[in-house]
Amino acid sequence: MARSIWKGPFVDGYLLKKAENSRNSGRSEIIKIWSRRSTILPQFVGLTFAVYNGHKHIPVAVTEDMIGHRFGEFSPTRTFHGHAADKKAKRG
């Protein structure tokens with residue numbers, strides 16, 4: 001179920017502070033975050049975030065097309081190695 005429109009997008013407070021500090025410093029540094037649930041805002045465009053997927057931080061360069069999506073959508077938590085039945089079919 002989607003979030004109510006009247007509530008607005010959810011973004012962790014520390015995330016806004018980190019993004020603002022990165023913009024003000026002028027350096028293009030990667031911002032490490034653990035908040036996969038936060039919505040990508042227009043203020044984040046052009047920044048690079050390292051989103052934690054439970055194992056490691058995956059770099060995500062934010063573009064205009066990503067606005068409105070969640071950070072978790074761009075750092076998969078599971079690695080798909082294929083189906084076991086597919087391997088048998090390829091051999092024979």
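Summary of values
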read-out: Where a residue in the range 16-42 is closer than 14 Å to F74 by Cβ and in contact (Cβ under 8 Å) with a residue 24 or more places away in the chain and its partner, wherever it lies, is basic (K, R) and in a helix (DSSP H, G or I), with Cβ under 9 Å and at least six apart; value: I33/K18
read-out: Positions within the range 20-45 being closer than 17 Å to H69 by Cα and not polar (S, T, N, Q), in sequence order; value: I33, W34, R36, R37, I40, L41, P42, F44, V45
read-out: Residue selected from the range 44-58 under the condition aliphatic (A, V, I, L, M) and outside any strand (DSSP E or B), by the criterion surrounded by the most Cβ atoms within 10 Å (Cβ to Cβ); value: L47
read-out: Single residue of the range 22-43 satisfying the filter (of a type in the set (S, T, Y) and exposed (fewer than 12 other Cβ atoms within 10 Å of the Cβ)) that is modelled with the lowest pLDDT; value: S28
read-out: Selection count, the range 23-43, where residues are outside any loop (DSSP other than H, G, I, E, B), among the basic types (K, R) and within 14 Å of the chain's Cα centre (by Cα); value: 1
read-out: Residue check for A19: surrounded by 10 or more Cβ atoms within 10 Å (Cβ to Cβ) and either at pLDDT 95 or above or not hydrophobic (A, V, I, L, M, F, W, C) (or both); value: no
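The values are calculated or read from the model by the stated rules, or taken from the named source; none is laboratory data. This is a predicted model, so every value here is computed, not measured. Here Cβ is always computed from backbone atoms with ideal geometry, including for glycine, and neighbour counts include all displayed protein chains.
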